[in-house]
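Contents: one structure, followed by commentary.
No value in this document is a laboratory result; all are computed from the given coordinates. Everything numeric in this text was worked out from a predicted model, so none of it was measured. When we count neighbours, we look across all protein chains shown, and the Cβ atoms used for this are built from the backbone with ideal geometry, even at glycine.
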Amino acid sequence: MSTDVPGRGMMPPGAGGPQPGQTPMPPAAPNPSTVGSQDPAEAAQVLRLRAGEAPGNLVRCARCGSSDIRYGIEQGALICASCRAQWNEPLLEAEVDLTRDIDKLRGRTITTSAQRLVDETTVTLKCRACGAEVVLSVDDAVQTRCHWCRNYLSADGRIPNGAVPDGVIPPTIRREDAVETIRAFAKDRSFYAHPKFKAEFAPENVVGVYLPYFVFDGHAEAEVQGEGEIQTATWLEGSKDNKTRYYAADVYRLGRKFLMSVDDLLLESSSEHANLDDPAQTNNIINAILPFDVKRAVHYNPNYLRGFTSERRDVNVEAMDAVVEDRLLSIARSKADDMVQDYDRGVRWDSERVDIRGSRWVTVYLPIWLYSYYQADKGLKHFVAVNGQNGKVMGSIPLNMLRLSLMTALVFVVASVVGVALFLLWR
């Protein structure tokens, strides 16, 4: 038997010094992790999108004037129910370059829709077709029908931020395809599924949902410091049946400092879905079906939402600072690890920081197909979600714990028997 035992290395004199060609680094700061970011009190630059300016609460077909418009997934376009005209809103990328010049960002830039949330959740819309007034709760929807003339009314002309995003990614996965994907997902896990879940499983109840997200672009400076080891020798000690492996290594103090540009980092702007610590939720599966191709987002038009439910953003940009810094530190560590591949015994970073030089914030709606199941005995919501753009699926289902325990015990017994048999044969 051989095991690696770290810490008993034969360290030659000066092993903790710099590697040849390695710049000596100062001692690590007492604080193991320091992070810097933009001053939250600093006024943000507001980016106003011309194509996104709402013409009012009534969105009409440019050809016939009808407001009965919906998005056809098969056609990949908005379709007027009256004259059958088809079109799409312009790409968001055409006005807000979401890719280039990230390294030139300075300060915080936000779009009009990414500004601080308004307090108003119930609004009164005046129909421009017949003059009637219609009350709409933007917590539940951003579009409704006038009860007199039946024209569709939108809240985007009434509320500049919060309820209305800058862009929307139209779905490309049909509902019936999402149903079959969810059915196959559950079938692959049916052996361990709870009997009650299998009896009540109805993937036809899938619903289309638009979830609100921030799209973050940022330019930052990162610095990490730590210790790395390069193995110089290795040997075995001990008896024939019980050997232990030891190693000798040189230890170096090292650090890396670099600039990095982050493109299209998606951040939940719904507090419910951002709360991954809630034991009654399994919303973290939404992150498992990322990413979305944000470059395919079009300017917001409420008619893309027809047939889908949608959630309203309820988080301000300022509240996302800690989340952004945590994500950027993870990216920085990964990038730094790629720079120290020569340290074959590994590197331990004990000091890290990120300073955000500039950022840009855009709001979008992302489409998913969602099947939910409530497990009453544990008070747990289970979800199976399908990415509405690429069909990626992830989820959770209630488990038959008795069967799972029995199978685990069986595997343990079989493995033990096989292990004993191999040991006897080896002797």
Taking every alpha carbon pair in region 288-387 and sorting the distances into 10 angstrom bins from 0 up to the bin holding the longest one, the percent per bin comes out as 9, 26, 30, 23, 11, 1
So for R0 = 22 Å, FRET eff. of THR232-ASP350 from the Cβ-Cβ r, to 0.05, ends up at 0.45
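Say R0 is 30 Å: what FRET efficiency, to the nearest 0.05, do LYS126 and GLN86 get from their beta-carbon distance?
On the way: r = 30 Å, r/R0 = 0.99.
Plugging the Cβ-Cβ distance into 1/(1 + (r/R0)^6) gives 0.50.
Let's test the formula: R0 of 51 Å, r as the Cβ-Cβ distance of LEU406 and ALA43. What FRET efficiency results, to the nearest 0.05?
That gives a FRET efficiency of 0.25.
For the ranges 202-213, 382-393, 410-421, what's the packing order if you count other beta-carbon atoms within 10 Å of each residue, average per peptide, and put the highest first?
Values: 202-213: 18.3, 382-393: 21.9, 410-421: 10.0.
The peptides rank, most packed first, as 382-393, 202-213, 410-421.
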Taking placed amide H atoms and a strict 5 Å upper bound, the residues 5 or more places from LEU58 or on another chain that come that close are SER154
Each label sits 7 Å from Cα toward the beta-carbon; between LYS378 and SER261 the label points are separated, in nm, by 4.5 nm
Between GLU272 and LEU422, the two model label points (7 Å from Cα along the beta-carbon direction) sit apart by a distance in nm of 4.9 nm
In the structure shown, of LYS257/LYS392; LYS126/LYS381; LYS295/LYS378; LYS198/LYS392, the pairs separated by more than 29 angstrom at the C-alpha atoms are LYS257/LYS392; LYS126/LYS381; LYS295/LYS378
Two pseudo-spin positions, 7 Å from Cα along C-beta at ASP338 and at ARG106, lie apart in nanometres by 2.8 nm
